[in-house]
Amino acid sequence: MAKTIIAPSVLSSDFLQLGKDVEMLNQSSAAWIHIDVMDGVFVPNISFGFPLLQAIRRGTKKFCDVHLMIEKPERYITQFKQAGADNITVHYEGNLHLDSLIHQIKNAGCTAGVALNPATPVSVLTEVIHLLDVVLIMSVNPGFGGQKFIERSVEKVREAKTFIAAKNSSAVIEVDGGVTLQNAPLLKAAGAGILVAGNTVFASANPIETIAELAL
Ligand code: DX5
Ligand code: ZN
């Protein structure tokens, strides 16, 4: 089985020392950096946008995983690519023209993911799963870091794994929200290939060690 990718979420970083945190991630075994863009409309929180992604891009060669929690993401795909995105994940919810949006992401030169909120079943991806590189299972309601993991998500990852195999898709399952050292092994056993971790990494006394442990 492929090694689990850990994607630390910089939403939990102390932005006053973002450069130091990015350097720490460069020294770590994290293969991806997860970047949560929130517009205060799609989710009840506002995070950051292009300047922060550009700054991170200047500081790292790691794969930049951009999670868009914004309305009408089709307006900004090219700009996110130009700012440094390698993967762009959009939500199923609120995107009426999902097929077109996925093609837009791929045509921009990024890999494409679709995120599912906790209340959205995996089956909604039936018509687009063959196009996807990433299926992101939200294990909290999106908007904030440091929330409690929704236990049902482990079963949902298992369902996604079966669904992806049945459709002969090569999509990898990413889990985002409340990932800890305790639930990480369960999520990996259920079929997750990418684990996002904000609070678990950035509140750790030894983030580099925690990143390595999450992947074990
Ligand atoms: C939540 C974001 C997550 C968040 C994860 O809406 O999508 O990526 O930063 O943070 P933790 O791991 O602290 O739940
Ligand atoms: Zn996220």
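At pLDDT 95 or above and over 23 Å from Ile173 (Cβ atoms): is that true of Leu25 in this structure? Against the criterion (at pLDDT 95 or above and over 23 Å from Ile173 (Cβ atoms)), Leu25 does not qualify. Considering (1) in contact (Cβ under 8 Å) with a residue 40 or more places away in the chain; (2) away from ligand 2 (no atom under 12 Å from the Cβ), the lone condition that Arg152 does not fulfil carries the number (1).
Within segment 15-22, is there a residue that is touching a Phe, Trp or Tyr at 6+ places or on another chain (Cβ under 9 Å) and either among the hydroxyl-bearing types (Ser, Thr, Tyr) or touching a residue at least 60 places away in the same chain (Cβ under 8 Å) (or both)? For segment 15-22, residues touching a Phe, Trp or Tyr at 6+ places or on another chain (Cβ under 9 Å) and either among the hydroxyl-bearing types (Ser, Thr, Tyr) or touching a residue at least 60 places away in the same chain (Cβ under 8 Å) (or both): present. The residues listed here are Val157, Val124, Val175, Val114; of these, the one that is assigned to a helix (DSSP H, G or I), in contact with a strand residue (DSSP E or B) (Cβ under 9 Å, 6 or more places away or on another chain) and either within 16 Å of ligand 2 (Cβ to nearest atom) or hydroxyl-bearing (Ser, Thr, Tyr) (or both) is Val157. Taken over segment 85-110, the criterion of being surrounded by fewer than 19 Cβ atoms within 10 Å (Cβ to Cβ), among the small types (Gly, Ala, Ser) and under 17 Å from Cys64 (Cα atoms) is satisfied by Ala108, Gly109. Annotation: of all residues in segment 19-34 being surrounded by 16 or more Cβ atoms within 10 Å (Cβ to Cβ) and outside any loop (DSSP other than H, G, I, E, B), the one that is nearest to ligand 2 (Cβ to nearest atom) is His34.
Would segment 35-55 turn up any residue that is surrounded by fewer than 17 Cβ atoms within 10 Å (Cβ to Cβ) and of a type in the set (Asp, Glu)? Scanning segment 35-55, I find no residue that is surrounded by fewer than 17 Cβ atoms within 10 Å (Cβ to Cβ) and of a type in the set (Asp, Glu), so the answer is no.
Output the residues belonging to segment 69-93 that are assigned to a loop (DSSP other than H, G, I, E, B), under 17 Å from Ile56 (Cβ atoms) and not small (Gly, Ala, Ser).
Just the residues of segment 69-93 that are assigned to a loop (DSSP other than H, G, I, E, B), to begin with: 70-72, 76, 84-86, 92-93.
Applying the additional criterion that residues be under 17 Å from Ile56 (Cβ atoms) yields 76, 84-86.
Scanning segment 69-93 gives Tyr76, Asp86.
Screening segment 174-193 for residues that are of a type in the set (A, V, I, L, M, F, W, C) and crowded, with 24+ Cβ neighbours inside 10 Å and picking the one that is farthest from the chain's Cα centre (by Cα) gives Leu187.
Scan segment 94-111 for residues that are aliphatic (A, V, I, L, M), more than 21 Å from His34 (Cα to Cα) and not in a helix (DSSP H, G or I) and jot them down. Don't jump to the end; show me each part of the working.
Here is the first cut: in segment 94-111, the ones aliphatic (A, V, I, L, M) are 96, 98, 101-102, 105, 108.
When the remaining residues are screened for being more than 21 Å from His34 (Cα to Cα), the result is 96, 98.
Residue satisfying the conditions is Leu96 alone.
The values are calculated or read from the model by the stated rules, or taken from the named source; none is laboratory data. Here the structure is a predicted model, which means the values were calculated and not measured. Every residue, glycine as well, gets a Cβ built from its backbone with ideal geometry; the counts of neighbours run over all protein chains shown.
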